[in-house]
1. Considering region 254-286 alone, what residues qualify as being closer than 22 Å to Ala297 by Cα and polar (S, T, N, Q)?
2. Which residue pairs have Cβ atoms closer than 6 Å, lie 6 or more positions apart in sequence or on different chains, and pair a first residue in region 350-377 that is within 18 Å of Gly199 (Cβ to Cβ) with a second residue that is β-branched (Val, Ile, Thr) and surrounded by 15 or more Cβ atoms within 10 Å (Cβ to Cβ)?
3. Has region 241-252 got at least one residue that is modelled with pLDDT of 95 or more and not assigned by TED's automatic domain parsing to the domain that holds Gln169?
4. Which one of these is touching a strand residue (DSSP E or B) at 6+ places or on another chain (Cβ under 9 Å) and open to solvent by 10 Å² or more (accessible area, probe 1.4 Å): Gly113, Gly118, Gly151, Gly202?
5. When the residues of region 167-218 are filtered to those that are closer than 24 Å to Ile38 by Cβ and among the β-branched types (Val, Ile, Thr), which remaining residue is nearest to the ligand (Cβ to nearest atom)?
6. When you check Val145 against the structure, is it surrounded by 24 or more Cβ atoms within 10 Å (Cβ to Cβ), outside the structural domain of Asp216 (by TED's automatic domain parsing) and within 11 Å of the ligand (Cβ to nearest atom), yes or no?
7. Considering only residues that are closer than 22 Å to Gly115 by Cα and open to solvent by 30 Å² or more (accessible area, probe 1.4 Å), which ones fall in region 38-66?
8. Looking at Arg317, Arg367, Arg343, which is the one that is in contact with an Asp or Glu (Cβ under 8 Å, 6 or more places away or on another chain), of a type in the set (D, E, K, R) and at pLDDT below 95?
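The values are calculated or read from the model by the stated rules, or taken from the named source; none is laboratory data. The structure displayed is predicted, hence computed values, not measured ones. Cβ placement follows ideal geometry from the backbone for every residue including glycine, while neighbour counts extend to all protein chains displayed. Note: areas computed on protein heavy atoms with side chains; ligands, DNA, RNA excluded. Shrake-Rupley method; radii C 1.70, N 1.55, O 1.52, S 1.80 Å.
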Amino acid sequence: MTAPLRSGDPTIVNVALADRAYDIVIGRGALASLGARIKALRPGAKVAIVSDENVAAKHMAATEAVLKNAGIESSRIVVPAGEGSKSYATFEKVCEALIAARIERDDLVVALGGGVIGDLAGYASASVRRGLDFVQVPTSLLAQVDSSVGGKTGINSKQGKNLIGAFHQPVLVIADTALLDTLPEREFRAGYAEVAKYGLLGDGAFFSWLEANWQDVFAGGSSREHSIAVSCRAKAGVVARDERESGERALLNLGHTFGHALEAGAGFSDRLLHGEAVALGMALAFEFSARKGLLSAADAERAVRHLAATGLPTHVRDVPGGVPDADALMDLIFQDKKVKRGRLTFILVRGIGEAFVSPDVDPAEVRGFLAEKLAQR
Ligand code: NAD
């Protein structure tokens with residue numbers, strides 16, 4: 001682990017993907033370098049900035065100004081905020097607007113927003129003119145530590161989330177931690193679940209550090225930069241080793257099987273945000289692993305205690321309005337997961353920082369566990 005950063009001192013994490021390698025620039029005020037960095041990467045390029053209404057109201061003017069100062073011509077495409085914009089209709093709108101703005105292969109798209117904008121603008125970039133280069137400027141914590149890195153882009157189908165998309169890596173990521181100062185606290189906390197995930201899945205020392213420093217991460221001190229840099233380094237390493245998720249990258253889905261089912265059960269509404277569902281899913285994955293005798297009850301309790309201390313949901317009773325029954329949750333798990341020879345693949349844990357892929361989980365055991373948790377409501 002690197003030492004905590006001094007404020008104003010950007011950290012650069014490289015995603016080592018041979019001829020598609022790119023830098024993630026992390027730091028308070030990093031946005032100010034966007035124009036110079038784009039100019040160095042693509043001299044003479046014009047830029048289209050894709051954003052949502054919330055983010056544009058707060059950060060569009062500053063983004064346009066840094067581009068203008070570097071002599072870069074830009075246009076803006078603003079869509080409604082929220083998951084509903086990961087749709088065919090909004091995708092069409094963004095693609096048509098990019099073509100109308102005459103964004104060509106030598107130009108660049110800038111995705112200025114949270115995970116929704118990154119996924120949507122990234123997929124439009126992958127599609128228009130058979131592939132435009134794009135830059136991620138993530139503005140939510142979730143996007144800074146997870147969705148802006150790794151090249152997964154896409155929109156939702158009526159039949160499920162993220163079912164239409166492409167792998168399309170950005171050419172640069174600028175994670176300006178000051179942009180998070182305007183993020184609603186609940187959204188920040190939901191993104192923190194993904195930060196904790198990196199500790200819980202593969203870095204026990206980072207998890208211990210988070211237990212001691214999470215309050216400063218929330219408060220915006222130097223620990224915030226440090227936690228984002230550690231998270232990006234972890235994700236960049238996994239992506240460089242397994243870009244297309246044929247192996248290790250699956251570990252990043254810790255908490256996602258239970259989480260997706262609960263998120264779908266809550267109708268993908270603001271009753272349970274994605275990061276909240278991941279936190280609850282991780283708590284369940286730890287408890288399920290302990291029940292299977294894979295790790296001690298004390299370690300499972302420690303993981304759950306930390307997530308709960310930050311205010312994240314860790315029990316099904318924490319979901320306002322309730323969740324579906326065990327059979328309905330199992331149906332949702334089956335929709336989300338491939339079942340091989342009647343067995344489910346889960347990410348389980350042998351300890352804090354020791355996740356592994358278990359391809360042989362008995363659905364009846366999962367159902368029994370969920371029924372027990374639901375009975376504790
Ligand atoms: P989001 O983009 O909807 O952002 C959350 C809310 O915060 C929105 O209302 C947005 O307008 C607002 N917001 C964002 N930044 C802000 C800021 N700086 N100031 C004020 N408001 C701000 O959601 P998210 O949580 O960032 O991302 C969730 C999406 O990411 C989901 O669609 C999920 O599927 C996707 N995702 C993708 C990947 C990937 O690898 N591509 C990984 C994880 C999640």
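1. Thr257, the sole residue that qualifies.
2. Sorted first by the residue in region 350-377, then by its partner, the pairs are Ala355/Ile347; Ala355/Val349.
3. So in region 241-252, the residues modelled with pLDDT of 95 or more come out as 251-252.
Then drop every residue that is not not assigned by TED's automatic domain parsing to the domain that holds Gln169, which leaves 251-252.
Yes - at least one qualifying residue is present in region 241-252.
4. On the way: Gly113 fails: open to solvent by 10 Å² or more (accessible area, probe 1.4 Å); Gly118 fails: open to solvent by 10 Å² or more (accessible area, probe 1.4 Å); Gly151 fails: open to solvent by 10 Å² or more (accessible area, probe 1.4 Å).
Sole residue among the options that is touching a strand residue (DSSP E or B) at 6+ places or on another chain (Cβ under 9 Å) and open to solvent by 10 Å² or more (accessible area, probe 1.4 Å): Gly202.
5. Thr182
6. Numbers: surrounded by 24 or more Cβ atoms within 10 Å (Cβ to Cβ): yes; outside the structural domain of Asp216 (by TED's automatic domain parsing): yes; within 11 Å of the ligand (Cβ to nearest atom): yes.
Considered against the rule, which asks whether it is surrounded by 24 or more Cβ atoms within 10 Å (Cβ to Cβ), outside the structural domain of Asp216 (by TED's automatic domain parsing) and within 11 Å of the ligand (Cβ to nearest atom), Val145 comes out as yes.
7. The first filter runs over region 38-66 and keeps only residues closer than 22 Å to Gly115 by Cα, leaving 38, 47-64.
The answer is Glu53, Asn54, Ala57, Lys58, Ala61, Ala62, Glu64.
8. Numbers: Arg317 fails: in contact with an Asp or Glu (Cβ under 8 Å, 6 or more places away or on another chain); Arg367 fails: at pLDDT below 95.
Only one candidate qualifies: Arg343.
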